[in-house]
Amino acid sequence: PNHIVAWVNSQYAVYNKSGTVLVSPTNGNALFTGVGGECETTNRGDPILQYDRNADRWILSQFAFAVSGGAPVSPYFQCFAVSTTNNPTGTYFRYTVQFSATSPSGFNDYGKLGVWPDAYYTAYNMFGGSPAGSYTGIALCASDRTKMLAGDPTATTLCAPIVNNYGGCGSFLPADLDGTTLPTD
């Protein structure tokens, strides 16, 4: 209701509704300062940005990995920052999801995030091996929204592999609740 957050490639910025810059373009991995590991030290981009209207919170996410010979190498991570209040210039609860290099997991590319009352749902195109190799399918994941909003470090993310032979590649887009009316079921 009060802010506009934009994240393009490896940098995000925050504006008020009048267009005044509140946070000038900043590397995405700055959100993960103090977390350690790849989420803090690399800034690979491929950002996901959502506003959870029912919780009045912001969710910012990007993947993280090392590179060898120009290719992603394991371990592979998805880094999540959930605002502690409705102010995107404030503090964030941070979470790291690690993917294995071997199938059915792998390198989590082209992540998409859906906000739903019971979970944050993500979908990724997966590429097996280290360095990341061929396409192995899709990972559909659900993160514990309630615990993430509360800053609970025991929040978990569960993923299910989906083998997809649709033209050799394909993507899923999680459902997303953009309004304030909750679903009936």
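The values are calculated or read from the model by the stated rules, or taken from the named source; none is laboratory data. What you see is a predicted model, and the numbers here were worked out from it, not measured in a lab. Positions of Cβ are backbone-derived with ideal geometry, glycine not excepted, and every protein chain shown enters the neighbour counts. Just so you know, the surface numbers come from the protein's heavy atoms only, side chains and all, with ligands and any DNA or RNA stripped out. Shrake-Rupley method; radii C 1.70, N 1.55, O 1.52, S 1.80 Å.
Quick notes on this structure:
- Of the residues contained in the range 123-132, one or more are found to be under 12 Å from the mean Cα position of the chain (by Cα) and either of a type in the set (A, V, I, L, M) or at negative phi (or both).
- Scan of the range 1-40 for residues that are among the small types (Gly, Ala, Ser) and in a strand (DSSP E or B), ordered by number: 6, 13, 24
- Residues considered: 167, 179. Of these, the only one that is open to solvent by less than 60 Å² (accessible area, probe 1.4 Å), out of contact with any Ser or Thr (no Cβ under 8 Å at 6 or more places or on another chain) and at pLDDT below 90 is 179.
- Taken over the range 93-111, residues that are touching a Phe, Trp or Tyr at 6+ places or on another chain (Cβ under 8 Å) and buried (at least 17 other Cβ atoms within 10 Å of the Cβ) amount to 12.
- Yes/no for residue 173 being part of a loop (DSSP other than H, G, I, E, B), open to solvent by less than 40 Å² (accessible area, probe 1.4 Å), touching a strand residue (DSSP E or B) at 6+ places or on another chain (Cβ under 7 Å) and more than 22 Å from residue 40 (Cβ to Cβ): no
- The lone exception for residue 36 - which of (1) within 28 Å of residue 4 (Cβ to Cβ); (2) open to solvent by 20 Å² or more (accessible area, probe 1.4 Å) it fails: (1)
- Odd one out for residue 146 among (1) more than 23 Å from residue 29 (Cβ to Cβ); (2) modelled with pLDDT of 95 or more; (3) among the β-branched types (Val, Ile, Thr); (4) open to solvent by less than 50 Å² (accessible area, probe 1.4 Å): (4)
- First in the range 42-59 and within 20 Å of residue 146 (Cβ to Cβ), second anywhere and surrounded by fewer than 17 Cβ atoms within 10 Å (Cβ to Cβ) and small (Gly, Ala, Ser), Cβ under 8 Å, 6 or more apart: 53/179
- Residues (part of a strand (DSSP E or B) and either in contact with a His (Cβ under 7 Å, 6 or more places away or on another chain) or at pLDDT below 95 (or both)) located in the range 74-97: 74, 75
- Looking only at residues of the range 52-79 that are in contact with a Lys or Arg (Cβ under 9 Å, 6 or more places away or on another chain) and more than 14 Å from residue 12 (Cβ to Cβ), we find that the one that is most open to solvent (accessible area, probe 1.4 Å) is 67.
- So residue 43, is it of a type in the set (S, T, N, Q), assigned to a loop (DSSP other than H, G, I, E, B), in contact with a Leu (Cβ under 9 Å, 6 or more places away or on another chain) and open to solvent by 30 Å² or more (accessible area, probe 1.4 Å): no
- Cβ pairs under 7 Å, 6+ apart, first in the range 149-162 and within 20 Å of residue 128 (Cα to Cα), second in a loop (DSSP other than H, G, I, E, B) and open to solvent by 50 Å² or more (accessible area, probe 1.4 Å): 161/104
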